[in-house]
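The values are calculated or read from the model by the stated rules, or taken from the named source; none is laboratory data. This one's a predicted model, so the numbers in the text were calculated from it and none came from an experiment. Counting neighbours? That spans all protein chains shown, and the Cβs are built from the backbone with ideal geometry, glycine included. SASA here: full protein model, heavy atoms, side chains in, ligands and nucleic acids out. Shrake-Rupley method; radii C 1.70, N 1.55, O 1.52, S 1.80 Å.
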Amino acid sequence: MQIIFDEKQQIFHLYNEKISYVIQVEKQRYLKHCYYGKRLKKWRGGIQSFYYDRGFCANPVVEDRTFSLDTQQREFPESGQGDFRSPAYELMDAQGDRNARFFYQGFQILKGKTAPEGLPHVYTEQVAEAMTLEITLQDEVRNQRILLYYTIYEDAVVTRFAKWINDGKEPVEISRFLSMSMDLPTQGYDVLTFAGAHVEEKNMYRRPLCADAVVIESRRGTSSPQATPFLGLLSSQTTEEQGEVLGVNLIYSGDFYGSVQCGQYGTTRVQIGLNPFQFQWKLHPQESFCTPEAVLVYSEQGLGGMTEIFHKLYRERVCRGTYREKERPVLLNSWEGMYFDINEEKILNLAEEAAELGIELLVMDDGWFKGRNTDTTSLGDWVEDKTKFPDGLQNLAKRVKQKGIEFGIWFEPEMISEKSDLYRTHSDWVIRSPLYDPIRSRHQLVLDLSNPAVCEYLIQSVGRILEPGNISYVKWDMNRHLTDLGSVYLGRENQMELSHRYVLGLYHVMETLTERFPQVLFESCSSGGGRFDAGMLYYMPQTWTSDNTDAICRLKIQHGTSFLFPPVTMGAHVSACPNHQVGRTTPLATRFAVAAAGNLGYELDLKNLSKEEKEEVKAQIKEYKKRRRTVQFGTYYRLANPFCENQGAWNIVSEDGMEVIFTHVQILARAAYRMPVIRLRGLDPDAIYTDCATGQEYGGDELMYAGIRIPRIRQDFSSTTIAVSYTHLRAHETELH
Ligand code: DGJ
């Protein structure tokens, strides 16, 4: 990769073998976005700036009626100087003046990566993995600087964030500060977004944008199940396999804002960053403020190409720690099987049965701590309930381990119940208004993580339980959103910083605990996939994808999630039928087929399984372990779209290409069976593959170009899984037909 500055043209060209990103300094002051896309050998200015005198245009360059910021392609636009589109930043000073004039001042080309302080990001392990361009914008009147960071890697990825530095003598209030903005030279994009709800996360929406704007955002304090900090700009012809895509994702777990906005003269502005809603940051002299990082992926191989880039990046350069490369254990979670009704005897029995089936980790979910028999009580008191566990938690963990299975535990550290010792001693640690009765959600309140004492309490209380080393897994839950924004800890002038400081506090707690307990596998959860974002993955390498465990609903949820996140990050469990969320009954084989496309787990009371079902589960686990490396670290391809088809299908190719697992799920059976043909992806067209179960041979070209036909199964919700292994290269074949 390389970054050059062409003095004559005043352009920066960031490029690698796949992509180019070009920025120009215009009129010695303004940053113009020229290009982001497929690699260019050199920028010679094909897309020139033409200046015209146009109506309603403000002219920031004296005596030049043809130059207006409103008609230009910008890199980091301001408000108040005549660009009336959505700005990237805004401020207010002590006198209430909201104007600023940040102009280009200089640049540095840096080796390696520069990261936003205290925030999750794409990291590098060696300096040679990346190069960074730092561009300085300066407001000389106010004595303020904004540094824009662009990092380019070997793949088709550019990451961006911005840093504001107050060099002045007075504080300024930043009221808007996005991570990136850029104006593409054309329009006519399809915009792809993922929105949803609790138990229905990451529904996929694609629509053409003709004029106006599409806005995505969360105002809930977390990234939320309702929205995803992602925007995809697609050409109208783009499919899974072909066509251009620009995917923009924010590495952040709190309130975000993103928009795609059409300009009046044929351009398209795309932006993402912190949500300006109820946000204001007081920046004192000599202080700085960093935005979260945005990831910009370019693919000319359609959405599948974009996904492959995100998956690799997030698996290898966002996820960290021991588990980044380790196969994840098959687990059994107690929640749907027992809910709050757990005790020592039940957990030990469950562990014994689980171990017999080949399960490697028993997770004791909610209900284990002092007085926690319903969701009305005890959050914050992270000590075991002695009536349920008379022998103590650590002894329980040891006894579970003696049965040949690891032990994991559930926490919801960010929350507090009013019925708790913690609330009795620290009611001031809650996010709330001093004037009103706080609004409850699931009977609970949210702890004020902007307060370092609260963060320290969480580190201590969770740390105390992990310290003895008997617990090898933590499920970190978060089951409500932020209301009544108010903090006793923050003073009058910092109240508008609360939502972002909450996230910074959370990141600090997670950084400390994951660093202190590197042997523990952390899984994040927010009533399922309510905070399934790249920010959380930086600390916790897997996420519980949804509280909806129905295999058919999961087809859509996992399909939507898969656009950004690889299977190894997705918790997926086989649960009991009728399913607890939708009441549907699906074959055990299908529940497994869908869960086996992620980190496999079971979430049911094993004693309710028949002897035959237990045998089936045992065989499933054996099969999964055999192919686990492929599922968790292979390349994942979507082959059908359950949002608009009567089926779901995918295949996963192992890292070395030797194994391919293909799964098809039929949603409803049809009398006039359509005999679907599915074409696999990612195989070697010149190789011969053998079906591991039947010994039938196929050419890689045949499987990819002609496809395979799914046999008729006269049953709703049925599934077919075929594993094939690479056998030899076609060159060994003599006959050609
Ligand atoms: C919500 C989670 O998503 C569930 O899996 C479970 O852990 C419950 N919380 C427990 O309260």
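List of remarks:
- Taking the criterion of being within 11 Å of the ligand (Cβ to nearest atom) and either open to solvent by 10 Å² or more (accessible area, probe 1.4 Å) or in a helix (DSSP H, G or I) (or both), the residues of the range 339-369 that qualify are Tyr339, Phe340.
- In the range 470-496, the qualifying residues are those that are out of contact with any helix residue (DSSP H, G or I) (no Cβ under 9 Å at 6 or more places or on another chain) and more than 16 Å from the ligand (Cβ to nearest atom), and the one that is nearest to Ala197 (Cα to Cα) is Thr483.
- Output for the range 642-669, where each listed residue is surrounded by fewer than 21 Cβ atoms within 10 Å (Cβ to Cβ), over 22 Å from Cys692 (Cα atoms) and in contact with a strand residue (DSSP E or B) (Cβ under 8 Å, 6 or more places away or on another chain): Phe643, Asn646, Gln647, Ile667
- Number of the condition not met by Val127 [criteria: (1) touching a helix residue (DSSP H, G or I) at 6+ places or on another chain (Cβ under 6 Å); (2) open to solvent by 10 Å² or more (accessible area, probe 1.4 Å)]: (1)
- Residue list for the range 675-695, filter: of a type in the set (A, V, I, L, M, F, W, C) and open to solvent by less than 30 Å² (accessible area, probe 1.4 Å): Ile678, Leu680, Leu683, Ala687, Ile688
- Some residue of the range 340-354 being touching a residue at least 60 places away in the same chain (Cβ under 8 Å) and closer than 24 Å to Gln632 by Cβ: yes
- Matching residues, the range 511-556, being among the aliphatic types (A, V, I, L, M) and away from the ligand (no atom under 15 Å from the Cβ): Leu513, Val520, Leu521, Ala534, Leu537, Ala551, Ile552, Leu555
- Residue list for the range 370-401, filter: within 15 Å of the ligand (Cβ to nearest atom) and either under 19 Å from Glu336 (Cα atoms) or modelled with pLDDT under 95 (or both): Arg372, Asn373, Thr374, Asp375, Thr376
- Qualifying residues in the range 71-110 (those that are among the aromatic types (Phe, Trp, Tyr) and in a loop (DSSP other than H, G, I, E, B)) - the one surrounded by the fewest Cβ atoms within 10 Å (Cβ to Cβ): Phe84
- Search result, residues across the range 138-154 that are of a type in the set (S, T, N, Q) and open to solvent by 10 Å² or more (accessible area, probe 1.4 Å): Gln138, Asn143
- Of all residues in the range 593-615, those satisfying the criterion of being more than 16 Å from the ligand (Cβ to nearest atom), closer than 15 Å to Glu356 by Cβ and open to solvent by less than 40 Å² (accessible area, probe 1.4 Å) are Leu606, Leu609.
- Checked against (1) in contact (Cβ under 8 Å) with a residue 12 or more places away in the chain; (2) over 19 Å from Phe565 (Cα atoms), Gly695 passes all but condition (1).
- All helices (runs of 4 or more DSSP H) inside the range 437-545 with 1 or more residues being surrounded by fewer than 17 Cβ atoms within 10 Å (Cβ to Cβ) and over 16 Å from the mean Cα position of the chain (by Cα): 452-466, 498-516
- Residues located in the range 36-70, provided they are farther than 20 Å from Thr186 by Cα and touching a Phe, Trp or Tyr at 6+ places or on another chain (Cβ under 8 Å): Asn59, Pro60, Val61, Asp64, Thr66
- Tally, over the range 549-563, of residues that are assigned to a loop (DSSP other than H, G, I, E, B) and either open to solvent by 10 Å² or more (accessible area, probe 1.4 Å) or out of contact with any Asp or Glu (no Cβ under 9 Å at 6 or more places or on another chain) (or both): 3
- Considering (1) under 23 Å from the mean Cα position of the chain (by Cα); (2) within 27 Å of Thr514 (Cβ to Cβ); (3) of a type in the set (D, E, K, R), the lone condition that Asp365 does not fulfil carries the number (1).
- Of the listed requirements (1) more than 23 Å from Ala572 (Cα to Cα); (2) in contact with a Phe, Trp or Tyr (Cβ under 7 Å, 6 or more places away or on another chain), Ile652 misses just one: (1).
- Failed item, numbered, when His559 is tested on (1) closer than 20 Å to Leu332 by Cα; (2) more than 16 Å from the ligand (Cβ to nearest atom); (3) not small (Gly, Ala, Ser): (1)
- Selection over the range 562-573 of residues that are away from the ligand (no atom under 14 Å from the Cβ) and either of a type in the set (A, V, I, L, M, F, W, C) or at positive phi (or both) gives a count of 4.
- Test result for Ala595, modelled with pLDDT of 95 or more, touching an Asp or Glu at 6+ places or on another chain (Cβ under 9 Å), within 30 Å of Lys346 (Cα to Cα) and of a type outside the set (Phe, Trp, Tyr): no
- Of all residues in the range 25-70, those being in contact with a Gly (Cβ under 8 Å, 6 or more places away or on another chain) and open to solvent by 40 Å² or more (accessible area, probe 1.4 Å) number 1.
So that you can scan it fast, the table gives a plain yes or no per residue for (1) in contact (Cβ under 8 Å) with a residue 60 or more places away in the chain; (2) open to solvent by 20 Å² or more (accessible area, probe 1.4 Å); (3) part of a loop (DSSP other than H, G, I, E, B):
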{"site": "Leu246", "(1), (2), (3)": "yes, no, no"}
{"site": "Leu250", "(1), (2), (3)": "yes, no, no"}
{"site": "Gly258", "(1), (2), (3)": "no, no, no"}
{"site": "Gln264", "(1), (2), (3)": "yes, yes, yes"}
{"site": "Ile272", "(1), (2), (3)": "yes, no, no"}
{"site": "Pro276", "(1), (2), (3)": "yes, yes, yes"}
{"site": "Pro285", "(1), (2), (3)": "yes, yes, yes"}
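- Verdict on Ala672 being over 20 Å from Phe633 (Cα atoms), at pLDDT below 95 and loosely packed, with under 13 Cβ neighbours inside 10 Å: yes
- Considering Arg670, Arg674, the condition of being in a loop (DSSP other than H, G, I, E, B), farther than 17 Å from Thr590 by Cβ and either touching a residue at least 60 places away in the same chain (Cβ under 8 Å) or charged (D, E, K, R) (or both) is satisfied by Arg674 alone.
- Checking Tyr698 against (1) among the aromatic types (Phe, Trp, Tyr); (2) part of a loop (DSSP other than H, G, I, E, B); (3) open to solvent by 30 Å² or more (accessible area, probe 1.4 Å), the condition it does not meet: (2)
- The requirement of being touching an Asp or Glu at 6+ places or on another chain (Cβ under 7 Å) and open to solvent by 40 Å² or more (accessible area, probe 1.4 Å) is satisfied by Arg207.
- Filter result for Arg160 (basic (Lys, Arg) and open to solvent by less than 30 Å² (accessible area, probe 1.4 Å)): yes
- A Cβ distance below 6 Å, combined with a sequence gap of six or more or placement on separate chains, defines the contacts here; from the range 1-22, residues that are over 12 Å from Tyr36 (Cα atoms) and among the aliphatic types (A, V, I, L, M) reach no residue that is part of a strand (DSSP E or B) and open to solvent by 70 Å² or more (accessible area, probe 1.4 Å).
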